[in-house]
Amino acid sequence: MSQIASFATNRDILDKGLYLCRIDGDILTYDIRMKKPNGGDYLTIAELHTLEHLFVAYTQNYSLIRNVIYVGPMGCRTGFYLLLRDNVSRQDAVDLVRKAFQFITRFDGEIPGSKRWECGNYLEHDLDGAKKVAADMLKVLKYWTVDDLKYKE
């Protein structure tokens, strides 16, 4: 089997951050790395679930909505993938992620899509945990630039 492109990055040197990991035609895939890979500290299922609901809710109300293809968690529980159309500038992608995390840190109330009839696992959410992860990522991304979108080698 040929190696999957997204597995070619050495996880042992990958830190938390935001990276452009793939370009497939007009789709750009961003790696939103919230936890250090293989670091022993991972997103809990409840944090991950709440982050997903809130991040998606934010993007659905953001000016770039027509250019957001997908936002979803990584199976390793260290982050999310964000797929955007290539007409979104890399700076706009950085801004979108920062603003989504700001939204999550400030969010109060009922988690969007968390009613039983809306969600397949409606009882497993952790708003406080999601807010802590988002606040941590805001520190990581505070001075993040387009030049920082490249994986370290």
| query | Listed residues ARG106, ARG98, ARG66; which is basic (Lys, Arg) and surrounded by 15 or more Cβ atoms within 10 Å (Cβ to Cβ)? | reply | ARG98
| request: Return the pairs, sorted by first residue and then second, in which the second residue is surrounded by 13 or more Cβ atoms within 10 Å (Cβ to Cβ) and assigned to a loop (DSSP other than H, G, I, E, B), the first residue lies in segment 135-153 and is in contact (Cβ under 8 Å) with a residue 24 or more places away in the chain and of a type in the set (Val, Ile, Thr), the beta carbons are less than 8 Å apart, and the residues are 6+ apart or on different chains. | output: VAL140/LYS16
| request: Kindly indicate the residue of segment 90-108 that is without any contact (Cβ under 8 Å) to a residue 40 or more places away in the chain and polar (S, T, N, Q) and also nearest to VAL140 (Cα to Cα) among those meeting that condition. | output: GLN102
| field | Residue among VAL56, VAL133 that is more than 15 Å from THR29 (Cα to Cα), in a helix (DSSP H, G or I) and modelled with pLDDT of 95 or more | value | VAL133
| task | Can you confirm whether segment 79-88 contains a residue that is more than 10 Å from the chain's Cα centre (by Cα), among the basic types (Lys, Arg), part of a helix (DSSP H, G or I) and under 26 Å from ASP24 (Cα atoms)? | result | no
| field | Residue that is farthest from PHE101 (Cα to Cα) [pool: residues in segment 121-153 that are loosely packed, with under 15 Cβ neighbours inside 10 Å and among the β-branched types (Val, Ile, Thr)] | value | VAL146
| field | Among (1) at pLDDT below 95; (2) farther than 15 Å from TYR19 by Cβ, the one test that ASP128 misses | value | (1)
| said: Criterion first (assigned to a helix (DSSP H, G or I), within 21 Å of GLY17 (Cβ to Cβ) and basic (Lys, Arg)) does LYS139 satisfy it? | reply: yes
| Taking the condition in a loop (DSSP other than H, G, I, E, B), touching a residue at least 24 places away in the same chain (Cβ under 8 Å) and crowded, with 18+ Cβ neighbours inside 10 Å, does ILE111 pass? | yes
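The values are calculated or read from the model by the stated rules, or taken from the named source; none is laboratory data. Just so it is clear, the structure is predicted and the values come from calculations on it, not from any experiment. Virtual Cβ from ideal backbone geometry, glycine too; neighbours counted across all protein chains shown.
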